[in-house]
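To start, the structure itself, in structure tokens.
Taken together, the values in this text are just the output of simple stated rules run on the coordinates, not laboratory data. All figures in this text were calculated on a predicted structure; none of them were measured in a lab. Here Cβ is always computed from backbone atoms with ideal geometry, including for glycine, and neighbour counts include all displayed protein chains.
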């Protein structure tokens, strides 16, 4: 199946194209620490890069896959709006891939090889919180995706009574807290901590796809910037 997949839920912009050859084609942009995400300027060029490398046009694709988050409000809006626009232009179905689930899926084999019971996926949610979720080795949810303080996530992981592999940028940021709960966190430089669109493409092959308007972001909590409250009408 030929799938164009991308994710903009985190600071990284990651794009992949499957089905254009024996290997999945990948391209990504990882801003250096302190730099702003490059979703606006990098997403479409990265898409063009993998499409050119695969020598495919959008009419050759079977579907588009996009990360649903949770993640940054602006990043999710950019990724999902792009997926909808491309899908409408090329009359393609879209598969929405939960970003935390993709992280856990990519780490499942490593978790089993280490004799662990499952995987916790953790992203930095700012405001001294993380987005976290956990699954057993067979894919059964243990902790549903939510925003919570690292210590609360650690308590929930400990309460599950399982030995889990914790992956994602949030697991790196709050390594000490999670390790005290009994979770195993791979080294900071491990690829398991990076969201990758190549995994989104693998997941999207196994799930239903629908119309562009059916894809909705998984914000989990309200964005940092909200619309100002409307002012009451002046009295005459």
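Rg(Cα) of the stretch 1-89 divided by 2.2 N^0.38 Å? Don't skip to the end; give the middle numbers.
Values: Rg = 12.6 Å, N = 89, 2.2 N^0.38 = 12.1 Å.
It is 1.04.
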Original post:
What would the Debye formula give as log10 I(q)/I(0) at q = 0.11, 0.13, 0.15 Å⁻¹ for the alpha-carbon point model of the stretch 99-193, no solvent?
Top reply: -0.23, -0.33, -0.44
Original post:
When the chain is treated as a GNM, springs tying every alpha-carbon pair under 10 Å, which of 91, 18, 190 comes out with the largest mean-square fluctuation?
Top reply: 190
Original post:
GNM, the chain, Cα, under 10 Å: largest mean-square fluctuation among 13, 72, 196?
Top reply: 72
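Grab the beta carbon distance between residue 214 and residue 48, set R0 = 25 Å, and tell me the FRET efficiency rounded to 0.05.
On the way: r = 26 Å, r/R0 = 1.03.
Given R0 = 25 Å and the Cβ-Cβ separation, E is 0.45.
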Subject >> Simple spin-label estimate for residue 113 and residue 205 in nanometres, 7 Å along Cα-Cβ >> reply: 2.0 nm
Original post:
Assuming R0 = 25 Å, what is the FRET efficiency of residue 190 and residue 137, from their Cβ-Cβ distance, to the nearest 0.05?
Top reply: 0.85
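Over the chain, what is the relative contact order in whole percent, taking alpha-carbon pairs under 8 Å and six or more residues apart?
Values: 501 pairs, mean separation 52.8, N = 236.
Normalised by residue count, the contact order of the chain is 22 percent.
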**OP:** Give the percent of DSSP beta bridges with both residues in the stretch 101-217 that are antiparallel, rounded to the nearest 5.
**Re:** 70 percent
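Restricting to the chain, compute how many DSSP beta bridges are antiparallel as a %, nearest 5. Don't skip to the answer; put the middle values down first.
Values: 24 of 37 bridges.
The antiparallel proportion sits near 65 percent.
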**OP:** Would you mind estimating how fast the chain diffuses translationally, via Stokes-Einstein at 10 °C and 1.306 mPa s with the Kirkwood radius over Cα pairs, in µm²/s?
**Re:** 87 µm²/s
